[in-house]
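Engineer: Starting off with a structure, shown below.
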């Protein structure tokens with residue numbers, strides 16, 4: 001009888017992609033995957049450490065999973081917490097049997113076998129072996145229609161608040177040939193959309209130009225976008241972009257290819273030059289505005305989202321008000337707001353965390369409230385427009401509704417038939433919600449919708 005493995009993923013899209021590749025590797029090694037932690041022989045938790053609260057949740061979840069099980073499974077901790085904490089995890093969670101670093105996802109079956117051979121605790125925090133590469137055709141995906149495709153892992157930016165360079169290592173780009181082959185295979189398997197993912201996708205710089213020779217562009221990432229657009233994949237999105245590496249030629253590529261989607265995620269973190277310098281972001285507010293202007297002035301109507309941290313050490317009320325002015329200027333379609341939390345080992349952890357928690361909360365709520373007003377106005381502007389929606393499943397709001405994302409990455413709900421999952425339909429927006437849109441199919445007779453994509457984006 002085959003052993004069964006349960007994988008639970010916490011954190012970002014990179015973790016989802018890592019879990020998919022781990023599942024694929026385990027399946028090929030003869031293991032079965034299960035959605036039930038109660039009956040699994042092996043329980044793996046893929047972890048996030050980007051914020052203190054996320055890391056604290058890991059140990060609580062490990063205890064919960066152990067108590068749920070009807071047997072005594074092998075417990076493994078994967079991902080960023082594993083890479084950072086290493087053997088220290090065993091002191092905090094004695095039930096853990098395996099500690100699997102961020103570059104060891106393809107070696108999990110070997111680690112399990114070592115446990116079976118009698119080792120008490122197995123730790124693998126090593127780099128990938130020479131010649132070991134990301135699998136180009138993982139079979140375990142989170143969705144039958146949308147696929148995450150990592151193009152770069154790690155980070156060389158070393159922002160003072162960020163733990164990622166320490167948990168994920170230095171930047172390492174896949175070859176363009178490998179990425180293009182994966183996207184082609186996904187298209188043949190019926191996938192409609194790919195998300196190119198990485199800590200900083202536009203920092204993509206492979207060791208060789210293999211696979212990019214026929215593509216033009218100002219940077220390797222621009223050339224990769226054009227090469228992937230030529231594969232015929234219906235929709236291509238990418239996240240996250242680093243402001244300093246965001247070249248206007250990215251916008252030019254989006255304007256040239258209708259299957260490059262109308263959405264850019266460009267984290268700014270603060271609207272104060274003084275705080276940006278302390279964060280070691282490597283750019284000024286004016287530099288960021290130039291990138292935003294290139295996006296906003298596109299021939300296509302591009303959606304713009306961002307990340308902001310409030311309460312960074314030394315942030316004054318004047319600094320915070322500069323951030324408030326920035327969101328007015330940028331008019332974000334969406335904003336992820338975080339209260340600063342110190343991460344041990346980062347340069348910022350040596351600074352005095354001098355903004356009281358009550359003030360962090362106050363600034364968070366003030367920024368959130370203003371962004372809500374700005375965002376509501378932007379969403380209202382979609383009423384009457386038809387947008388192209390990839391149907392991903394049933395809506396959580398109603399059994400009669402379907403849900404999906406538009407090319408500009410808006411959540412869109414509408415009445416439809418479950419058999420339409422996986423189709424790209426036209427939906428005319430009739431109502432704007434707080435964080436989603438509601439509409440009606442343009443083809444009301446139940447026939448399959450015909451995409452209304454134009455060079456100018458959603459029709």
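Engineer: Restricting attention to segment 98-121, which residues are surrounded by 22 or more Cβ atoms within 10 Å (Cβ to Cβ) and touching a helix residue (DSSP H, G or I) at 6+ places or on another chain (Cβ under 8 Å)?
Structural biologist: 98, 99, 100, 101, 102, 104, 105, 108
Engineer: Inspect segment 54-72 for any residue being surrounded by fewer than 23 Cβ atoms within 10 Å (Cβ to Cβ), touching a residue at least 40 places away in the same chain (Cβ under 8 Å) and touching a strand residue (DSSP E or B) at 6+ places or on another chain (Cβ under 7 Å) and give the result as yes or no.
Structural biologist: Yes; the residues of segment 54-72 include at least one that is surrounded by fewer than 23 Cβ atoms within 10 Å (Cβ to Cβ), touching a residue at least 40 places away in the same chain (Cβ under 8 Å) and touching a strand residue (DSSP E or B) at 6+ places or on another chain (Cβ under 7 Å).
Engineer: Sticking with this one: Of the conditions (1) out of contact with any strand residue (DSSP E or B) (no Cβ under 7 Å at 6 or more places or on another chain); (2) more than 30 Å from residue 315 (Cβ to Cβ); (3) at pLDDT 95 or above, residue 365 satisfies every one except a single condition; which number is it?
Structural biologist: It fails just one condition, (2).
Engineer: Something else about it: Does residue 17 satisfy the condition of being over 20 Å from the mean Cα position of the chain (by Cα), farther than 15 Å from residue 99 by Cα and either touching a residue at least 24 places away in the same chain (Cβ under 8 Å) or surrounded by fewer than 21 Cβ atoms within 10 Å (Cβ to Cβ) (or both)?
Structural biologist: Criteria not met by residue 17.
Engineer: While we're looking at this one, here's another question. With the requirement that a residue be without any contact (Cβ under 8 Å) to a residue 40 or more places away in the chain, within 29 Å of residue 164 (Cα to Cα) and over 26 Å from the mean Cα position of the chain (by Cα), what does segment 358-405 give you?
Structural biologist: 358, 362
Engineer: Can you find even one residue in segment 411-424 that is over 21 Å from residue 258 (Cα atoms), in contact with a helix residue (DSSP H, G or I) (Cβ under 9 Å, 6 or more places away or on another chain), modelled with pLDDT of 95 or more and buried (at least 17 other Cβ atoms within 10 Å of the Cβ)?
Structural biologist: No; the residues of segment 411-424 include none that is over 21 Å from residue 258 (Cα atoms), in contact with a helix residue (DSSP H, G or I) (Cβ under 9 Å, 6 or more places away or on another chain), modelled with pLDDT of 95 or more and buried (at least 17 other Cβ atoms within 10 Å of the Cβ).
Engineer: Moving on. Based on what the data block shows, is residue 291 surrounded by fewer than 21 Cβ atoms within 10 Å (Cβ to Cβ) and assigned by TED's automatic domain parsing to the domain that holds residue 358?
Structural biologist: Spelling it out, it is not the case that residue 291 is surrounded by fewer than 21 Cβ atoms within 10 Å (Cβ to Cβ) and assigned by TED's automatic domain parsing to the domain that holds residue 358.
Engineer: Take segment 176-197 and flag every residue that is in a loop (DSSP other than H, G, I, E, B) and either touching a helix residue (DSSP H, G or I) at 6+ places or on another chain (Cβ under 7 Å) or surrounded by fewer than 18 Cβ atoms within 10 Å (Cβ to Cβ) (or both).
Structural biologist: 189, 190
Engineer: May I pose another question? Would you call residue 210 in the same structural domain as residue 309 (by TED's automatic domain parsing), touching a helix residue (DSSP H, G or I) at 6+ places or on another chain (Cβ under 7 Å) and either surrounded by 20 or more Cβ atoms within 10 Å (Cβ to Cβ) or not in a helix (DSSP H, G or I) (or both)?
Structural biologist: Yes: the conditions hold for residue 210.
Engineer: Using the structure shown, decide if residue 201 is closer than 21 Å to residue 249 by Cα and under 22 Å from the mean Cα position of the chain (by Cα).
Structural biologist: Yes, satisfied.
Engineer: In this structure, is residue 325 surrounded by fewer than 16 Cβ atoms within 10 Å (Cβ to Cβ) and part of a helix (DSSP H, G or I)?
Structural biologist: yes
Engineer: Out of all the residues in segment 147-156, is one or more more than 16 Å from the chain's Cα centre (by Cα) and either surrounded by fewer than 21 Cβ atoms within 10 Å (Cβ to Cβ) or not assigned by TED's automatic domain parsing to the domain that holds residue 350 (or both)?
Structural biologist: yes
Engineer: What about residue 338, is it surrounded by fewer than 20 Cβ atoms within 10 Å (Cβ to Cβ), closer than 21 Å to residue 49 by Cα and in the same structural domain as residue 259 (by TED's automatic domain parsing)?
Structural biologist: Against the criterion (surrounded by fewer than 20 Cβ atoms within 10 Å (Cβ to Cβ), closer than 21 Å to residue 49 by Cα and in the same structural domain as residue 259 (by TED's automatic domain parsing)), residue 338 qualifies.
Engineer: I would also like to ask the following. Has segment 246-260 got at least one residue that is touching a helix residue (DSSP H, G or I) at 6+ places or on another chain (Cβ under 7 Å), free of Cβ contacts under 8 Å to residues at least 40 places away in the same chain and under 21 Å from residue 368 (Cβ atoms)?
Structural biologist: no
Engineer: Restricting to segment 157-174, what's the tally of residues that are out of contact with any strand residue (DSSP E or B) (no Cβ under 8 Å at 6 or more places or on another chain), touching a residue at least 40 places away in the same chain (Cβ under 8 Å) and assigned to a loop (DSSP other than H, G, I, E, B)?
Structural biologist: Total meeting the criteria: 5.
Engineer: Could you check how many residues of segment 20-48 are buried (at least 16 other Cβ atoms within 10 Å of the Cβ), touching a strand residue (DSSP E or B) at 6+ places or on another chain (Cβ under 7 Å) and without any contact (Cβ under 8 Å) to a residue 60 or more places away in the chain?
Structural biologist: Adding up the residues that qualify gives 8.
The values are calculated or read from the model by the stated rules, or taken from the named source; none is laboratory data. Fair warning: this is a prediction, and the values are worked out from it, not measured in the lab. Here the Cβ is made from the backbone with ideal geometry for all residues, glycine too, and neighbour counts use every protein chain on show.
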